[in-house]
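One structure is given below, encoded as structure tokens.
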Amino acid sequence: MTYCLGIINQFGIVMAADSRTNAGVDYISTYKKLFDLSLPGEKAIIICTSGSLSVSQGVVTRLNRDIQNQEVKNLHNLDNMYDIAQYIGSKSREIQELDRPWLEKDNIDFSCNFLLGGQIKGEQPQLYLIYPQGNFIQATQETPFLQIGETKYGKPILDRTITYTTPLEAVAKCALLSIDSTMKSNISVGPPINLVMYKTDSFEIRHKLELRLGAPYIAKIRKLWEQSVRQAFEAMPHIEWKQASSELEEDILID
């Protein structure tokens, strides 16, 4: 399992992903899940993957190969982000259909999801979630973040913190806290964590970060976040219990 998220607002896009793919008792494996496929100066394109590693790696490999071979249709010559989302969805279907007979024979789940974020000149930044079937949805001002993988543990902080006007540096910090909250509750999500921040109309990824196991910054924000949550919890007012038992006894005496 893994956890990836993308957040978009009026200032740009933040995308982040962990790297864990297996977490057994004596075997932990990691593979990168966040890829920068931009054409600097013209197109910013970031992709995150979750699900079947063989399918997602196959899709990313074909995307890169089409760019290198200068195919008629590739990430760098498509005119808009909507067409790029359709193109990635079609590549995902191709790989799944190629391997389907053998994977279904052994009851192996081969589905995978993609997050696509970026900007092409002439458009505003956009963020998409591409499903295994190749169809997709787009983030909006009302729903400015999308998640794939092990999503439930990292969602509450996003729901309570992120808006379309949140400063981009704060969005990046929230993304890391969302991933750290997930790692705290689920062993199937783990470092290295990859993070990118894209500023609107820059058309290149200038801010990248990889946080490996034991990174001081992760330890620092986890400690501060836990302290802050504990302090907020302790500041909550006590429950105003109703004396239900006493009221029940009085009702019995009256009857």
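Each value in this text was obtained by applying a stated rule to the coordinates, not by laboratory testing. Owing to the predicted nature of the structure, the values given are computational and were not obtained by experimental measurement. Cβ sites come from the backbone with ideal geometry, for glycine too, and all protein chains shown count toward neighbours.
Helix 81-105 and the long axis of the chain differ in direction by around 90°, with both axes built from C-alpha atoms.
A straight chain from K223 to E42 at 0.36 nm per residue would run longer than the Cα-Cα distance by 61.1 nm. Packing-based ranking of 232-243, 148-159, 174-185 yields 174-185, 148-159, 232-243, ordered from highest to lowest mean Cβ neighbour count within 10 Å. For the chain, the longest principal axis of the C-alpha atoms and the axis of helix 244-254 are separated by about 40°.
Only Cα pairs within less than 10 Å get springs; with that Gaussian network setup on the chain, which residue of L115, L213, L224 has the largest fluctuation? Top of the fluctuation ranking is L224. For the residue pairs K121/K223; K121/K184; K199/K223; K152/K242; K32/K223, the alpha carbons lie more than 31 Å apart in K121/K223; K121/K184; K152/K242.
Considering Cα pairs under 8 angstrom that are at least six residues apart, work out the relative contact order of the chain and quote it in whole percent.
On the way: 479 pairs, mean separation 68.7, N = 255.
Value for the chain: 27 percent.
For the stretch 8-111, the calculated P(r) over all alpha carbon pairs, in 10 Å bins from 0 to the bin holding the longest distance, is 12, 39, 33, 13, 2 percent.
Taking a ≥ b ≥ c as the square roots of the Cα gyration tensor eigenvalues, with a/c under 1.5 meaning rounded and otherwise prolate when a/b beats b/c, else oblate, which class fits the stretch 3-254?
Details: a/c = 2.06, a/b = 1.71, b/c = 1.21.
Judged from the Cα gyration tensor, the stretch 3-254 comes out prolate (a/c at least 1.5, a/b above b/c).
Charges were assigned to the Cβ only: +1 to each Lys and Arg, -1 to each Asp and Glu. The resulting dipole of the chain about its Cα centre is roughly 1260 debye. Scanning the chain for cysteines with no neighbouring cysteine C-beta under 4.7 angstrom from their C-beta gives C112, C174.
Within the set K73/K173; K105/K155; K43/K220; K33/K105, which residue pairs have Cα atoms separated by over 31 Å? Show your work: numbers first, answer last.
Working: K73/K173 36 Å; K105/K155 35 Å; K43/K220 35 Å; K33/K105 27 Å.
Too far apart for the 31 Å limit: K73/K173; K105/K155; K43/K220.
Ranking W102, Y217, M236 by Cα position along the charge dipole of the stretch 3-254, where only Lys, Arg, Asp and Glu carry charges on their C-beta atoms, puts Y217 farthest toward the positive end.
Potential lengthening of the chain between N80 and Q57 amounts to 5.9 nm, from the contour at 0.36 nm per residue minus the alpha-carbon distance.
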